[in-house]
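Below: the structure, in structure tokens.
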Amino acid sequence: MIVLAIDAPPETLDRRMALGLNAMRIAQLVTPGLTRIDERGEAVPDLAESFEAEGARKWIFHLRPGLAFSDGTPLSAEDVVATFRSVLDPAVGSPHRSAYGYVESVEAPDPATVVFRLSRPFGAMPVDGTLGILPARLAGPEHRDELRLRPIGAGPFVVSRWDGADDLRLAPNPRYFGGAPVVSLEVRTVRDETTRILELRKGRVDVLLGSLSAPLLPALRGEPRLQVKVGPGAGVSYLMFNMTDPTVGRREVREAIALALDREALARFKLKGAAQVADTLFREDHWAYDAGVGRRSRDLGRAKALLDEAGFREPADGGPRLTLTLKLSTDRFRRSLALAMASQLAEAGIRLELQPLEWGTFLGDVKRGNFQVASLKWPAVVDPDLLRLAYHSASIPSEASAWGGGNRMRYRNAELDALLDRGREEVDPLERRAAYAAAQRILARDLPAIPLLHEDAVGVIAKTVEGVEVDPQGSLRSLARARRIVR
């Protein structure tokens, strides 16, 4: 038995219903999908052996031979069809129904082949193939409650015990196509970070993956019983601006802020080196990253000159040129990072007042445009179609859309919209990459948001455990290869 500590319990183990990161990551161990996301953010085969596009609106997936669910029943294309149809069924009530609304039909011409026909071209369709596959006989709405606690899947683990809250046990699945794990898992919810660290030091927890702050790493590296693993992370922290605000709506002000920030220092001192400076939403090793964007290094002289151009000259009394309000969550580390940024901006004459808010209030304000500057983080940037959610004018929240939509900056750019539409519709990877490269250059010029840091994926693991690795997207897949050793 290996014990994994997480910061919050999963709300469900049914991938169709999951919204929380812990729920989705644990569900993947039990119910994998046709595809998975690799280290470069690309969709690669999982239950599928291969897949291809046929034209712009048709995707074909070929299943691995000999697949079986953990209960011994064969997994066929009909199970895939039933799973995807269930997500689209209003009676099932999946929160992901609208995300799959582009699927016009899904059929199984034979037991090993699944054909998706789309209502519109969608180049990122294989990313949505990560949906966990369920047996067709259980995919209907009448089984929703039982699947929340005990889903049947074809993954490396099966649920052996779960009370719906903190007590979760996973046992090896002897029918897993990749080979059964050699250890069982206990997934223990420990909400407080300090307590998680204490449990790890006492040997009551074996693995922490991602649920700890970077400033704790130096002390943990000195622990003789523990190993610290750090790797590229797919998340990105950023500052975003309300483009309707008369001050930060001006590009000169936004660029001055970007030039006044010392992101290298933030990575070095606040993240203890466990982060990389972000030039775009994508890390340099992501397939869609555009190296032509370049990097804005700190230049206080240029920042002050831009503020002069914008009419924010240095006052005779030595006070700030302008005062801005930054809204953020009450997370202790995020506040510490914001204080460091405020100190850096002060050197350019920009006073940054922090307004920490409880998460629900903060998110509500951001959705409604009730902010000037806000500090947020995308936990995992996978496909570049995310840029459409974040920056397309059609994604601006409104009362009519119940304040849905990810373009909370209220940013509008017709040229960018066209590129993001093109990137979404292209199925040729090279054409998609070209569209998103051009989009990244526009965003780097206009700066509706300033990418700050790609925070590394971090894991702390007992030295008595081997095989566990950190994953850029936070996947727990490596736990299937874990084993206990005697030292």
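Throughout, read-outs are computed from the coordinates displayed, never taken from laboratory work. Computed from a predicted structure; not experimentally measured. Here the Cβ positions follow ideal geometry from the backbone for every residue, glycine too, while neighbour counts run over all protein chains shown.
Output needed for region 236-455: three equivalent-ellipsoid semi-axes, defined as square roots of 5 times the C-alpha gyration tensor eigenvalues, in descending order, whole Å.
27, 20, 18
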Any chance you could run the full-extension gain for A346 through R137? It's 0.36 nm times the residue separation minus the Cα-Cα distance, nm to one decimal. 69.0 nm
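Test of the criteria: in region 21-62, which GluC sites (Glu not before Pro) are in a DSSP loop and have at most 13 other Cβ atoms within 10 angstrom of their Cβ?
Sparse-neighbourhood loop GluC sites (Glu not before Pro): E54.
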For S184 and L19 in the same chain, what is the full-extension length gain: residue separation times 0.36 nm, less their Cα-Cα distance, in nm? 56.9 nm
Using the Kirkwood formula on the Cα atoms of region 1-73, what hydrodynamic radius do you get, in angstrom to one decimal? 14.5 Å
Span from the region 423-460 Cα centroid across to the region 299-371 one, whole angstrom: 25 Å
Measure off 7 Å from each Cα along the Cα-to-Cβ vector at V44 and T194, then give the distance between these two points in nanometres to one decimal. 4.2 nm
For a label point 7 Å from the Cα of Q355 along Cα→C-beta, name the residues of region 245-282 whose backbone N is under 19 Å from it. 245-250, 254
What's the extension gain from A165 to E104 if we count 0.36 nm per residue and subtract their Cα-Cα distance? 18.3 nm
Highest mean first, how do 328-341, 69-82 rank when packing is the count of other Cβ atoms within 10 Å averaged over residues? 69-82, 328-341
In percent, how large is the relative contact order of region 32-154, given Cα pairs closer than 8 Å and 6 or more residues apart? 32 percent
Take region 164-269, drop everything but the C-alpha atoms, weight them equally and run the Debye formula without solvent; then report log10 I(q)/I(0) at 0.12, 0.23 Å⁻¹ to two decimals. -0.71, -1.31
Output row, site D71, 7 Å Cα→C-beta label point, backbone N cut-off 15 Å, window region 159-188, residues 159-160
Rounded to two decimals, the Debye log10 I(q)/I(0) of region 306-425 (Cα scatterers, no solvent) at q = 0.09, 0.10 Å⁻¹ is -0.34, -0.42
The relative contact order of the chain, taking Cα pairs under 8 Å that sit 6 or more residues apart, comes to a percentage of 19 percent
From a point 7 Å beyond the Cα of A265 in the direction of its Cβ, which residues of region 330-345 have a backbone N at a distance under 14 Å? 337-345
Region 216-288 and region 373-405 have their Cα centres apart by a whole-number Å value of 19 Å
How many percent of Cα pairs in the chain exceed 41 Å? 22 percent
DSSP-defined antiparallel bridges as percent of all bridges, the chain, nearest 5: 75 percent
If we sort 372-378, 131-137 on the protection proxy, mean other Cβ atoms within 10 Å, highest first, what's the order? 131-137, 372-378
Computed [θ] at 222 nm, helices only, for the chain once each DSSP H run of length n ≥ 4 contributes -39500 (n - 2.57): -7500 deg cm²/dmol
Using a basic spin-label model with each label point 7 Å from the Cα along Cα→Cβ, how many nm lie between T323 and R445? 3.6 nm
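May I ask you to sort M17, M1 by Cβ crowding, counting other Cβ atoms within 10 Å and putting the fewest first?
With the fewest neighbours first, M17, M1 line up as M1, M17.
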Taking Cα pairs closer than 8 Å and at least 6 residues apart, the relative contact order of region 252-315 in percent is 47 percent
Under a crude label model (7 Å from the Cα following the beta-carbon direction), how far is A56 from S336 in nanometres? 5.0 nm
